[in-house]
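A quick write-up on the structure given underneath.
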Amino acid sequence: MNRIRQAITFFFLTLLFVLIISPVELSANENVDELDWEEVINKQLDEYGIPGATAVIYHEGETIANIGAGWADIENEQEVQSDKTLFHLGSLHQWATWVGLLQLIEEREVRFNEPVQRHLDIDGLFDDTGRQVTIKHLLNHTSGFAETKNLSTSNEDHVLPLSEYLHEFTPAVIQQPGSEVMYSEYGVALAGQIIEEASGQSYESYIEENVLNQLDIEGYDIGQRPRDSESVSVGYINNNEQVPAEWSNVLPANGGYATSEAMVSVIELFLGEREGILSTPSLERMLTTQFTHDERLPGLTDGLYEKDVHGERWVVQEGESNSFQSLLAVHDDSNTGVFVSYNHPEGLKARDDLLEKVTEKYIESENAAIDPVKNDEMEPSIGEYTGSYMMNRAESSSFHAISDLLFRTVRVNEGNESLMIDGYTFFETGEHLFIREDGKEQIAFATNEFGAIDRLVLDNRPLAVAYKQAWHESQVTHLLWIGVSVFTFITTMVSIIIRFIRQVRRKGRHTGKKTHLKRGDMIAFIQSLFYIAGLASVLWIIGTGTVYEHQTFTVVSLLMLILGAVMSVLLIPSLIVRWRDDEGKAWMRVFFGFHVFISMFFIMFLSYWNLLGFHY
């Protein structure tokens, strides 16, 4: 009897338990997507050490997740809110500029193949080659402009009107327009100026009236700082150190702030769910390939560009600054869209990771990533691919050339019947086509008119192409020379200090023919000091982006290098006198001669890096 009673009691308790938990389980299932993505973002913040992020996941006409995670302002304990917290978009804001320009093209105020110069009331803006740049070239970044300088400033008083900036900081056109991709924020700024000239409105008012308002967007600001600055996320670097606010000289290229909720409307626009903003042909131009260096790799649309994830083609616009990393991506075939922005540089890795997860979850890929296949008959031989390749966005007219040489080169090394790039192994899968061993990246090489390998195209960098460098142009050569030179200059300074201390201890006095020795040592010491201090200062200025905020310091740094070069020449007579009069020990004369030799070659490299003069 007791057993029957226990069984009945157990049955009713079990039934009661099921009834209690069932609603909870159903509720969880209804929101599983939102909860999953919020967990994904929060895990990213922990994994990458990012203070805060905001994100939207959109699929098949629905906002699956609209997330605000982490801190917008750690010091003031302000959390990220998806509908209120504005994140700096950087270059991602360019979508609005291109939409505005295409609207004017539809209205025939502007035409694709018209020269840019026709729409600009700025005298003497371009040389003969620059006058060949058309609206079409701006849209797909094939204008050929060199790297742009002074895009932003940390001092509000240094902000320039757009037309003044365009005139004062016009870059050289270093490639034939239309021949190859060279991402140019200056080109985007020109597009903004053309919008002003063609519409008769300021850039900000035109975009707000004809793009943002037409999309019924709230929570999107264009300008130096949003109207409600308290709602803006702080930017962070390193150990959550705050980054000072920046002011932009090129608002059309990087002047947007938005909440993730506002970006839902932008995703809907590019997925064709918002009518009346762009015509179907214009929208198709923004979503289909308009230029590519290799048809097997992602290319550029009009305004945006392509990104391959697990064999699936996304159309994207990315944005980055010293601290913010943002991504807007749409996959038209599956009606899927993603927006995410992080307030820390580590967001660069996190945004790619998020896009991979979205691809895996919502897109049933019929185009699986290509499996690596070893090609035993590589033509040309593997050695012909190896070497240093410089990205064509590199600066060649200012002292930024040295940082581009050091940080914008791709080194291709020979592996075991493969290539090694950035620590990854690449196998050949087609003519001049290679794929990374994990299948996540492809690269292609191109030849010149003589059939020699001279260019490298990377599918994860569709906005540039890299050119193969001669041995004397390579990163390795220049790093080696910097190392040898700095070591020589430091050794010279230390040896002179040691000899001076010894002389003081001996209380020796030197006169007569040893005067040249003393004068030469003084010149060598000061010259070495100027070289080291000047080079270090220039690298610091370039690295921190404070060239124009600290112009006096910039000029002084360059002046030190110029004076160092002058002193190098003055050392030659002292070297001649030392050997003529047998001054000092033989090894000291040899070392002094080696120092002079290194100094003269260093002048040549300073000239190559645009450091002999005030080229900034």
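So the values come out like this:
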| item | result |
| --- | --- |
| Members of region 87-113 found to be open to solvent by 10 Å² or more (accessible area, probe 1.4 Å) and not β-branched (Val, Ile, Thr), listed by number | His88, Ser91, Gln103, Glu106, Glu107, Arg108, Glu109, Arg111, Phe112, Asn113 |
| Tabulated pairs, region 478-499, first in contact (Cβ under 8 Å) with a residue 24 or more places away in the chain and surrounded by 11 or more Cβ atoms within 10 Å (Cβ to Cβ), second hydroxyl-bearing (Ser, Thr, Tyr) and part of a helix (DSSP H, G or I), C-beta under 7 angstrom, 6+ apart or interchain | Phe489/Ser528; Phe489/Tyr531; Thr492/Ser528; Met493/Ser528 |
| Filter pass, Arg499 being charged (D, E, K, R) and outside any strand (DSSP E or B) | yes |
| Residues (of a type in the set (S, T, N, Q) and either touching a His at 6+ places or on another chain (Cβ under 6 Å) or without any contact (Cβ under 8 Å) to a residue 60 or more places away in the chain (or both)) located in region 82-119 | Asn113, Gln117 |
| Residue satisfying condition, being more than 23 Å from the chain's Cα centre (by Cα) and in a helix (DSSP H, G or I), within set Leu101, Leu138, Leu92 | Leu101 |
| Every pair of residues 6+ apart whose Cβ atoms lie under 8 Å, when the first sits in region 443-456 and is touching a residue at least 12 places away in the same chain (Cβ under 8 Å) and of a type in the set (Asp, Glu) while the second is surrounded by 11 or more Cβ atoms within 10 Å (Cβ to Cβ) and not in a loop (DSSP other than H, G, I, E, B) | Asp454/Ala446; Asp454/Thr447; Asp454/Tyr467; Asp454/Lys468 |
| Some residue of region 280-297 being of a type outside the set (Lys, Arg) and more than 23 Å from His137 (Cα to Cα) | no |
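The values are calculated or read from the model by the stated rules, or taken from the named source; none is laboratory data. The shown structure was predicted, so the numbers you read here are calculated from the model rather than taken from an experiment. Note that each Cβ is placed from the backbone with ideal geometry, even for glycine, and that neighbours are counted across all protein chains shown. SASA here: full protein model, heavy atoms, side chains in, ligands and nucleic acids out. Shrake-Rupley method; radii C 1.70, N 1.55, O 1.52, S 1.80 Å.
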